[in-house]
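The values are calculated or read from the model by the stated rules, or taken from the named source; none is laboratory data. Quantities reported herein were computed from a predicted structural model and do not represent experimental measurements. A quick note on method: Cβ atoms are made from the backbone with ideal geometry, for glycine too, and the neighbour counts reach across all protein chains shown.
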């Protein structure tokens, strides 16, 4: 082993406790923001715009957070009547569409073929 490599390894050994403190702080910081991110955006990718006329997904697919009802009011899906809306998350579906939760089902056909179906949850 060369002299330079030995110096580097000795420096790492002598400062090992400081390095573990820094890494544990970074881990705590990342964990905190991971939890905050999951709590903030939970359910954001569950709702999509459906056509009111045919009850089918709108193409191109739009992830939504609210919709405009027939009277022109901005409405959050599954909210009680008269619920005040301050700042809905995401895209608002236009008047001829509704924002509904979709549920994906995966059914096996034969052994390797999978088919995906969705249902609109009201």
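Worth a mention:
- For segment 48-63, the criterion of a residue being over 18 Å from residue 97 (Cα atoms), modelled with pLDDT under 80 and either out of contact with any helix residue (DSSP H, G or I) (no Cβ under 6 Å at 6 or more places or on another chain) or part of a helix (DSSP H, G or I) (or both) is satisfied by no position.
- Residue 9 vs. criteria more than 19 Å from the chain's Cα centre (by Cα) and modelled with pLDDT of 80 or more: yes
Conditions (1) over 16 Å from residue 90 (Cα atoms); (2) assigned by TED's automatic domain parsing to the domain that holds residue 90; (3) free of Cβ contacts under 8 Å to residues at least 60 places away in the same chain; (4) surrounded by 10 or more Cβ atoms within 10 Å (Cβ to Cβ), marked per residue:
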| site | (1), (2), (3), (4) |
| --- | --- |
| 9 | yes, no, yes, yes |
| 17 | yes, no, yes, no |
| 23 | yes, no, yes, yes |
| 29 | yes, no, yes, yes |
| 36 | yes, no, yes, yes |
| 57 | yes, yes, no, yes |
